[in-house]
């Protein structure tokens, strides 16, 4: 989609960056709660119960906002494909995570901005200059320094994790193509429902355990953060240029580090601090370059 003027482009990019950052923070909060509950419940059961809470919550919000009339539109092909890609991506990534060190899985998953930018160039003909590519690659290098994956631990599941990363990028690409008349909240609901249904089938392959009230309460809280994350991610991918918004996925890693320090007392080592510096620097550079470009486009051309 071509925006009508530079001011609108800049505003859309700003909305996308803020939404992506907020969405990543919400996903980190969700992950922290899920990590705690995973000690008591099987993965399939956990994801299904969390998804059930999220689906009911989003359905209630849709009703309160008078958007239930838009639910029939969720049967449109692109919405269904996006929901299917998201559900497959979630289960693929989690399956690989169970067989990989978390650092390796995180590093692979954080390659998503690279794929999104590539898809944006191919599918939407976005003009991505060398500076943006450099910022994205610099951010990814920072991710590697922070998570410090082990080369010896890469195996066939690493390829499965890479497949999940491609599915995530494909989901974001499909988000961009959905009719703007369909509310983002309705698209969020379709995602939650698809993940719930697929995880429900997965949970049948595992033995269910009794869930305590504490676990159910934590999953209910996680579903709130998950719903916010889904919604913000949808907003981000429907807003500004994908090559500008996508790198701010890396913000999630910074929130994870902060949460790890506050809750578990984890302190990054010197190499990780270098990676954090690269992540922050890459994000600031993208913001600075966008502001500089906007100013240049607004300056009058001399006679």
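Here are a few things to note about the model shown:
- Here residue 93 meets each of (1) touching a residue at least 40 places away in the same chain (Cβ under 8 Å); (2) farther than 30 Å from residue 240 by Cβ with one exception, condition (2).
- Only one entry in 166, 185 is surrounded by fewer than 18 Cβ atoms within 10 Å (Cβ to Cβ) and at pLDDT 90 or above, namely 166.
- Considering 100, 160, 144, the condition of being in contact with a helix residue (DSSP H, G or I) (Cβ under 7 Å, 6 or more places away or on another chain) and within 23 Å of residue 243 (Cα to Cα) is satisfied by 144 alone.
- Here is the figure for the stretch 1-26: residues that are under 13 Å from the mean Cα position of the chain (by Cα) and at pLDDT below 90 total 0.
- Positions within the stretch 119-139 being without any contact (Cβ under 8 Å) to a residue 40 or more places away in the chain and within 23 Å of residue 163 (Cβ to Cβ), in sequence order: 122, 137
- Subset of the stretch 19-61 (residues that are free of Cβ contacts under 8 Å to residues at least 24 places away in the same chain and either buried (at least 22 other Cβ atoms within 10 Å of the Cβ) or part of a helix (DSSP H, G or I) (or both)): 35, 56, 60
- Here residue 137 clears all of (1) touching a helix residue (DSSP H, G or I) at 6+ places or on another chain (Cβ under 7 Å); (2) in a helix (DSSP H, G or I); (3) within 26 Å of residue 271 (Cα to Cα) except the condition numbered (1).
- Residue check: residue 66 meets all listed conditions (1) without any contact (Cβ under 8 Å) to a residue 24 or more places away in the chain; (2) closer than 30 Å to residue 37 by Cα but one, namely (2).
- The set of residues in the stretch 62-104 that are modelled with pLDDT under 95, in a loop (DSSP other than H, G, I, E, B) and surrounded by fewer than 14 Cβ atoms within 10 Å (Cβ to Cβ) contains only 98.
- Residue in the stretch 263-270 that is surrounded by fewer than 19 Cβ atoms within 10 Å (Cβ to Cβ), part of a helix (DSSP H, G or I) and modelled with pLDDT of 85 or more present: yes
- Exactly one residue out of 162, 173, 198 is more than 21 Å from residue 231 (Cβ to Cβ), within 20 Å of the chain's Cα centre (by Cα) and part of a helix (DSSP H, G or I), and it is 162.
- Sole exception among (1) closer than 18 Å to residue 209 by Cα; (2) more than 22 Å from the chain's Cα centre (by Cα) for residue 68, by number: (1)
- Among residues of the stretch 203-232 that are assigned to a helix (DSSP H, G or I), those with a beta-carbon under 6 Å from a residue that is surrounded by fewer than 17 Cβ atoms within 10 Å (Cβ to Cβ) at least six positions away or on a different chain give the pairs 215/40.
- Of all the residues in the stretch 106-126, those that are outside any helix (DSSP H, G or I) and either under 14 Å from residue 171 (Cα atoms) or over 13 Å from the mean Cα position of the chain (by Cα) (or both) number 2.
The values are calculated or read from the model by the stated rules, or taken from the named source; none is laboratory data. Everything quoted here is computed from the prediction, not taken from an experiment. Methodologically, a virtual Cβ is constructed for each residue, glycine included, from the backbone with ideal geometry; neighbour enumeration extends over all protein chains shown.
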